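These notes concern the structure reproduced below.
The values are calculated or read from the model by the stated rules, or taken from the named source; none is laboratory data. No experiment lies behind these values; they were computed from the predicted model shown. So basically every Cβ, Gly included, is an ideal-geometry build from the backbone, and we count neighbours across all protein chains shown.
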Protein chains: 2
Amino acid sequence: MTQEPPPVPSGRVGYLLARAGGRAIRNLNRALEPYGLRSRHYTVLSASAEHGGLSQRELGLVLGVDPSAVVALVDDLQREGLVRRDPHPEDRRTRLVVVTDEGARTLAETRKLARGVDDELLADLDAAEKRTLEELLLRLR
Amino acid sequence: MTQEPPPVPSGRVGYLLARAGGRAIRNLNRALEPYGLRSRHYTVLSASAEHGGLSQRELGLVLGVDPSAVVALVDDLQREGLVRRDPHPEDRRTRLVVVTDEGARTLAETRKLARGVDDELLADLDAAEKRTLEELLLRLR
DNA sequence: TATTGTTATACTCTATAACTATA
DNA sequence: TATAGTTATAGAGTATAACAATA
């Protein structure tokens, strides 16, 4: 699919959410291509930096990603030197995902790309409308 | 001093859209299970009924679905007797997707399920907020 | 030459079950 | 017994190329 047509069947909200969300993900994937990353790598990197040293289980919960998928995503990020897996001081089963210096630099750069994707998606809304949209999205179940 | 409204953390709206959209799709898929259909079958059936006899190419454009995927979806719906592929009166390459009587009945039933999924997703919003959200979603690029 | 539908194919995403090592 | 991480796997979604029939 490469075409992007406006007309919509029934104006259903779930359908509109799915389409807009899919577009956002595809646009971010395309923007991240030079980095060899996908949007889900970006969310893992971003959440790891924001919360500072989450376990993989916690990452999965926060991001709504299956634990087995977290493993693969962290594998990729670790291979690129963007995160480390540090031992948990008290629980030897657990491994804490920590962003490296290089990961922090990559995050700073890719964050700009994510902003750009959002800005383009929301280009026709004014500042107040953008805030309203985000607030409503946060209140969905 | 007027409080500066919290800035929209750019890069976050796309993420929220993707998560909410994914939830909506999964919920609808689960609701449609008894019918042996997925959410994409529902959108094809719904658009075919609404526009009445679209070609497969037009269906793909309207729904943002790849033509090769439309073939598979229409195959499924046709096998279940929910749509027909009628010849185009003027262009023998084209096949018009037409909803059968049984398809119309199934659509009436599944539409209730789709509404239920939406209602649950939006349960914490009042009527005005629901309209606002839909209006904003329609204005995304 | 271009377009519609179609087949084949490959890659990503999602979800589940089962295994290991620890607790 | 239960939990964190891991591996393997299968199904669904997405995207591309190539082909036949027709325009």
For this session: Residues being more than 9 Å from DNA strand D (Cβ to nearest atom) and either in a strand (DSSP E or B) or basic (K, R) (or both): count how many of those fall in the range A:31-56.
Result: 2
For this session: Could you please find all residues in the range A:8-30 being in a helix (DSSP H, G or I) and of a type in the set (A, V, I, L, M)?
Result: A:V13, A:L16, A:L17, A:A18, A:A20, A:A24, A:I25, A:L28
For this session: Considering only residues that are in a loop (DSSP other than H, G, I, E, B) and within 11 Å of B:L54 (Cα to Cα), look in the range B:83-98 and name the one that is farthest from DNA strand C (Cβ to nearest atom).
Result: B:H88
For this session: Look at A:R40 and say whether it is facing chain B (nearest Cβ under 8 Å) and buried (at least 19 other Cβ atoms within 10 Å of the Cβ).
Result: no
For this session: Please specify each residue of the range B:62-82 satisfying the condition of being surrounded by fewer than 18 Cβ atoms within 10 Å (Cβ to Cβ), part of a helix (DSSP H, G or I) and not β-branched (V, I, T).
Result: B:P67, B:S68, B:A69, B:A72, B:D75, B:D76, B:Q78, B:R79
Exercise. Which members of the range B:18-30 meet the condition of being more than 13 Å from the chain's Cα centre (by Cα) and either away from chain A (no Cβ under 11 Å) or under 11 Å from A:R19 (Cα atoms) (or both)?
Worked result: B:A18, B:A20, B:R30
For this session: Answer with yes or no whether A:T100 is closer than 19 Å to A:V70 by Cα, more than 7 Å from chain B (Cβ to nearest Cβ) and more than 16 Å from DNA strand D (Cβ to nearest atom).
Result: yes
Exercise. On the given criteria, is A:L77 under 22 Å from A:D101 (Cβ atoms), within 14 Å of DNA strand C (Cβ to nearest atom) and modelled with pLDDT of 95 or more?
Worked result: yes
Exercise. Just to be sure, is B:L59 more than 14 Å from DNA strand C (Cβ to nearest atom), assigned to a helix (DSSP H, G or I) and out of contact with any His (no Cβ under 7 Å at 6 or more places or on another chain)?
Worked result: no
